[in-house]
Amino acid sequence: PEWFLTYGDKKYFDPGNKQAQQHVVNVVKDIVRRYDIDAIHMDDYFYPYRIAGKEFPDYTSHKLSGTTLPKDDWRRSNVDSIIKALNTVIKNEKPYCKFGISPFGVWRNKDRDPEGSNTKAGQTNYDDLYADILLWLEEGWVDYVAPQLYWEIGHKLADFQELINWWSLNSYGRHVYIGHGIYRSGERNAAWKNPKELPNQLKLLRQYPSVQGSIYFSSKSFDRNPNGWNDSLRLNYFKEP
């Protein structure tokens, strides 16, 4: 029980707890060892998305760690260490088994870092989730990245076109699979009612040699053939392997 911290209405493994980190590594090692899998895929939950006015309750573990790092850097180092450890244990068990991450779509906004994207996202991987995805790509700790680009082309704060260009330039030679937010087709937003939105996104990403493909969130959205996309994907965009 002491491995967990409560934040909002959920309990989280404390990323600063070394025993909790090792437990996650052991679970992944067991999966890779005992099951015939091709990859371990992780979503965007590192430190949780911020709740307005509430600080993640890791004051004690920060203090007990004895670190001299500021809390933000310490949090990032906790996530870095588990990603590195997971990559090591996966490759030691099965060198062919891939390890990939599906991060939130914005690493950092340009107003915080000149290397960031020209976006104005309210939360970002680096500053809020403490996930330095670029470091993991650069160090080779992940084999692929699947950024969640769940915005439309021309979005005011996080334009799909700006972000696909940014990720294509910052892949460090790793594979990039773009996450499309097809679940948004049920919204009132005019862009996601437009049957051309997804085809236009596909045409755009296929202009980038450093982008290898698409992932759709989520498969259950296809149950209702949103905007006829099941048909256009099957008969056109994915007609050939």
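The values are calculated or read from the model by the stated rules, or taken from the named source; none is laboratory data. Predicted, not measured: the structure shown is a model, and the values here were computed from it. All Cβ positions, even for glycine, are placed from backbone atoms using ideal geometry, and neighbour counts span all protein chains on display. All accessible areas refer to the heavy atoms of the entire protein, side chains included, with ligands and DNA or RNA removed. Shrake-Rupley method; radii C 1.70, N 1.55, O 1.52, S 1.80 Å.
Using the structure shown, select from Lys203/Lys239; Lys63/Lys120; Lys18/Lys63 the pairs with a Cα to Cα distance greater than 25 angstrom. Beyond 25 Å between Cα atoms: Lys63/Lys120.
Can you give the net charge of the other residues whose Cβ lies under 15 Å from the Cβ of Phe46, counting K and R as +1 and D and E as -1? Local net charge: -3.
A 1.4 Å probe, protein heavy atoms only, puts the accessible area of Trp74 near 10 Å². At q = 0.15, 0.16 Å⁻¹, what is the base-10 log of I(q)/I(0) for segment 125-192 according to the Debye formula with one equal point scatterer per Cα and no solvent? Please give it to two decimals. Those come out to -0.55, -0.62, one per q.
Considering only Ser214, Ser171, Ser61, the Gaussian network model of the chain with Cα springs below 10 Å gives its largest mean-square fluctuation to Ser61. Think of a 1.4 Å ball rolled over the protein heavy atoms: segment 152-241 then has 57 Å² of accessible area per residue.
Largest mean-square fluctuation among Glu138, Glu55, Glu115, in a Gaussian network model of the chain whose springs join Cα atoms under 10 Å apart, belongs to Glu55. Reported to two decimal places, what Rg/Rh ratio describes the chain when computed on Cα atoms with Rh from the Kirkwood expression? Computed over Cα atoms, the ratio is 0.98. Taking only protein heavy atoms into account and a 1.4 Å probe, give the accessible area per residue of segment 1-85 in Å². About 64 Å² of surface per residue is accessible.
Net charge around Asp30, counting only other residues with Cβ within less than 14 Å of its Cβ (Lys, Arg = +1; Asp, Glu = -1)?
+2
Applying 1/(1 + (r/R0)^6) with r as the Cβ-Cβ distance of Ile31 and Lys11 and R0 = 35 angstrom yields a FRET efficiency of 0.95.
Using a cut-off of 11 Å between beta-carbons, work out the net charge of the residues near Leu149 (Lys and Arg +1, Asp and Glu -1, Leu149 not included). My count for the surroundings of Leu149 gives -3.
Across q = 0.09, 0.14, 0.19, 0.22 Å⁻¹, segment 82-215 modelled as identical point scatterers on its alpha-carbon atoms has Debye log10 I(q)/I(0) values of -0.27, -0.64, -1.09, -1.34, in the order of the q list.
Of the accessible area of the chain, computed with a 1.4 Å probe over protein heavy atoms only, carbon and sulfur atoms account for 51 percent. Across segment 105-116, computed HN-Hα scalar couplings (Karplus, 6.51 cos²θ - 1.76 cosθ + 1.60, θ = phi - 60°) run x, 10, 6, 8, 7, 4, 5, 9, 7, x, 7, x Hz from first to last residue, x flagging Gly and Pro. The listed residues His62, His175 rank as His175, His62 when sorted by accessible area, largest first, using a 1.4 Å probe.
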